[in-house]
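The values are calculated or read from the model by the stated rules, or taken from the named source; none is laboratory data. Computed from a prediction, not measured in an experiment: that's the story for all the values here. Reconstructed Cβ throughout: ideal geometry from the backbone, glycine too, with neighbour counts over all protein chains shown.
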Amino acid sequence: MYINTFLYIISCIFVLLSHSAMLLNIYFNGNAESTAKVIILSVAVLGLDFVYFIIMLMFKQRSYAIDFLLILILNMSVIFQSCFGGVHLSVKHYITCIASLAACKAGYIICKNHKWLQVQKKYIYLAIGILIVVILTLTGSRSMWINIGSISIQPSEFIKPLFVLACATSVAEQQKKRKVLCFYVVYENFALYGLTAVICLLQWWCRDLGSLPTFVGIFVCGFFLRICYPKAKFSKKTLITAGVILLIVALIALRFAPDYVQERLHTDIWSDKTGNGYQQSHALIAIADGGWFGKGAGYGDLHNVFAYENDIVFATISEEWGLLFALMVMLAILIMLAVPLINPPRSYYHSTMSAGVCAYFIMQMSLNIFGSCNMIPFTGVTIPLISAGGSSMVTSGFMVGMLIAAQSPEFKRPAIRQQRNARRQTA
Amino acid sequence: MDFFTDTSNIFLCAVSAAALDLCVLVLILIAYNEKKHAQQYWNRISCCMELSAPDVSYPLNCDEILIGRHASADIRLPDLSVSRYHAILTVSDGIWTITDIGSKSGVFVNGTLVTERILRENDVINLGNKRLIFRRRRNNNVH
């Protein structure tokens with residue numbers, strides 16, 4: 001139950017107010033065929049708000065700020081996705097948002113007790129292994145998708161939260177050093193390096209190089225937090241060596257990248273508007289067309305361009321709602337990620353886990369926004385919680401659940417270890 | 001008519017943006033407020049304990065506290081008799097435990113050499129030449 005009823009009510013009112021203002025904007029200014037469609041959308045959005053506000057109270061948490069920010073962002077994404085090309089409730093995206101909320105709560109329950117989670121680490125590695133086998137066997141030839149009827153699932157998305165959990169570590173875990181020759185090594189670190197190499201090779205093999213920077217970003221974050229624990233006393237020598245190694249690896253990767261990647265790196269989008277620069281040129285024109293305040297909900301033209309609702313969603317939102325609003329939505333996501341800075345986690349495991357989640361969100365957002373603005377090569381990754389796509393939404397929801405877990409942790413020993421220790425004490 | 005439509009669009013967009021801004025601002029303030037509750041919960045978990053040396057006190061602010069001579073240790077004891085990473089303090093279910101992490105001079109609790117031991121209030125811990133007392137927090141001389 002929420003500790004302060006007054007603050008809970010205030011938070012609910014402001015979230016509802018924010019969504020109502022957007023819905024009023026659609027009612028007065030949107031491209032809706034009939035008022036009924038706006039009413040259906042309003043009932044769906046505000047209804048989900050109310051239901052989640054009640055469900056939230058069933059979980060005994062000490063912090064609910066991230067929950068409120070999550071429902072605020074998710075329902076804004078429902079409104080955006082329902083307005084592309086005319087106002088109508090996007091049922092598919094609405095269902096994925098509900099799945100995302102469920103995944104968030106599952107993430108919270110699984111990750112709140114880090115001591116239990118550490119005992120289960122071998123199963124995390126096992127789950128990643130199973131997903132890799134699934135990708136290699138069940139997806140099509142060198143692809144990342146599994147098609148079941150009209151539903152497409154991207155199993156590689158589910159590797160991301162598991163990889164964040166694999167990268168997270170505790171101080172005690174880093175102290176389990178073994179002497180090999182004249183070096184003290186932590187075996188678990190080498191397991192992680194091996195796992196990262198396997199995942200990178202898999203991404204390369206599946207030609208999904210867009211997700212590769214996300215995995216590398218999560219790994220780099222986890223790697224630095226492992227070598228510089230627990231007070232982040234960064235040694236200049238270590239930092240420079242690690243930076244140089246990363247740079248060399250990146251240069252080698254670029255040198256041996258497939259032809260289609262090389263082409264994208266050197267594309268001039270304005271001279272190749274119908275080829276490789278098609279999506280980016282249209283996205284940039286749409287952002288300019290929308291200006292600061294947008295054309296109005298449902299009045300955009302970008303919905304005629306492929307992947308308007310995921311790969312170039314930032315441009316689609318900018319066109320209809322304005323650059324100002326699109327930037328503010330991104331700011332809301334960043335603020336959700338910054339909550340662990342306001343209330344820092346009390347365990348090193350949860351801190352490294354939160355850092356991994358932030359790395360995932362920031363890498364994905366940067367790749368999508370800067371890619372669609374032609375500041376970096378176009379990769380085609382999603383903006384977490386905003387872009388359409390079931391696998392991405394569920395994964396992002398789970399990751400937010402991990403952030404919530406770091407805010408409302410449990411400090412309990414797993415039962416088996418507790419019993420063993422009790423026996424030792426009696427002896 | 002166009003002028004009217006444009007103005008209403010800008011006005012409604014500005015209202016939506018302002019509502020979103022206000023909501024985010026309120027949620028930031030609420031996150032700050034929740035920090036107090038998180039602190040209270042931590043006080044309950046950690047039982048407000050601290051490690052005290054004759055001239056300085058070390059509050060136990062997270063669930064794993066690394067004690068050693070190294071600059072990156074949470075509690076730094078700059079003495080050659082203390083190993084770089086000497087011992088670790090952990091808390092679970094409100095119970096603090098000290099564990100020796102391969103130190104050269106060992107961990108002594110109330111004069112007994114231990115590898116892992118549950119700590120009780122006013123236990124005396126000896127790490128090399130350094131002597132620490134595990135006790136309830138007092139507000140003066142906090143490191």
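Confirm whether A:Met22 is without any contact (Cβ under 8 Å) to a residue 40 or more places away in the chain and hydrophobic (A, V, I, L, M, F, W, C).
So A:Met22 fails the test.
Which strands (runs of 3 or more DSSP E) does region B:24-143 wholly contain that include 3 or more residues that are on the phi < 0 side of the Ramachandran plot and touching a strand residue (DSSP E or B) at 6+ places or on another chain (Cβ under 6 Å)?
Because the criterion is at least 3 residues that are on the phi < 0 side of the Ramachandran plot and touching a strand residue (DSSP E or B) at 6+ places or on another chain (Cβ under 6 Å), the strands (runs of 3 or more DSSP E) in region B:24-143 that meet it are B:49-52, B:57-59, B:64-68, B:87-92, B:95-100, B:107-109, B:116-118, B:123-127, B:130-136.
From the list A:Lys122, A:Lys105, exactly one residue is away from chain B (no Cβ under 14 Å), over 24 Å from A:Ser391 (Cβ atoms) and of a type in the set (Lys, Arg). Which is it?
Residue meeting the stated conditions: A:Lys122.
Can you list the helices (runs of 4 or more DSSP H) lying wholly within region A:250-355 that have 3 or more residues being crowded, with 22+ Cβ neighbours inside 10 Å?
So the answer is A:278-290, A:313-321, A:323-342.
Pick from A:Cys228, A:Cys221: which is surrounded by fewer than 19 Cβ atoms within 10 Å (Cβ to Cβ) and not charged (D, E, K, R)?
A:Cys228
Considering region B:53-71 alone, what residues qualify as being farther than 17 Å from B:Gly102 by Cα and within 14 Å of chain A (Cβ to nearest Cβ)?
B:Tyr58, B:Pro59, B:Leu60, B:Asn61, B:Cys62, B:Asp63, B:Ala71
Going by the conditions given, is A:Tyr299 among the aromatic types (Phe, Trp, Tyr) and touching a residue at least 40 places away in the same chain (Cβ under 8 Å)?
Considered against the rule, which asks whether it is among the aromatic types (Phe, Trp, Tyr) and touching a residue at least 40 places away in the same chain (Cβ under 8 Å), A:Tyr299 comes out as yes.
Looking at (1) among the hydrophobic types (A, V, I, L, M, F, W, C); (2) at the interface with chain B (Cβ under 10 Å from one of its Cβ atoms); (3) over 20 Å from the mean Cα position of the chain (by Cα), can you tell me which one A:Leu323 breaks?
Evaluating A:Leu323 over (1) among the hydrophobic types (A, V, I, L, M, F, W, C); (2) at the interface with chain B (Cβ under 10 Å from one of its Cβ atoms); (3) over 20 Å from the mean Cα position of the chain (by Cα) leaves (2) as the failure.
With (1) at the interface with chain A (Cβ under 9 Å from one of its Cβ atoms); (2) within 18 Å of the chain's Cα centre (by Cα); (3) at pLDDT 90 or above as the list, and B:Asp93 as the residue in question, which single condition is left unmet?
(3)
Looking at region A:32-55 only, could you name the residues that are more than 26 Å from A:Ala315 (Cα to Cα) and either buried (at least 24 other Cβ atoms within 10 Å of the Cβ) or within 13 Å of chain B (Cβ to nearest Cβ) (or both)?
Passing the criteria: only A:Asp49.
Just a yes or no: is a residue in region A:102-120 assigned to a helix (DSSP H, G or I), among the β-branched types (Val, Ile, Thr) and buried (at least 18 other Cβ atoms within 10 Å of the Cβ)?
no
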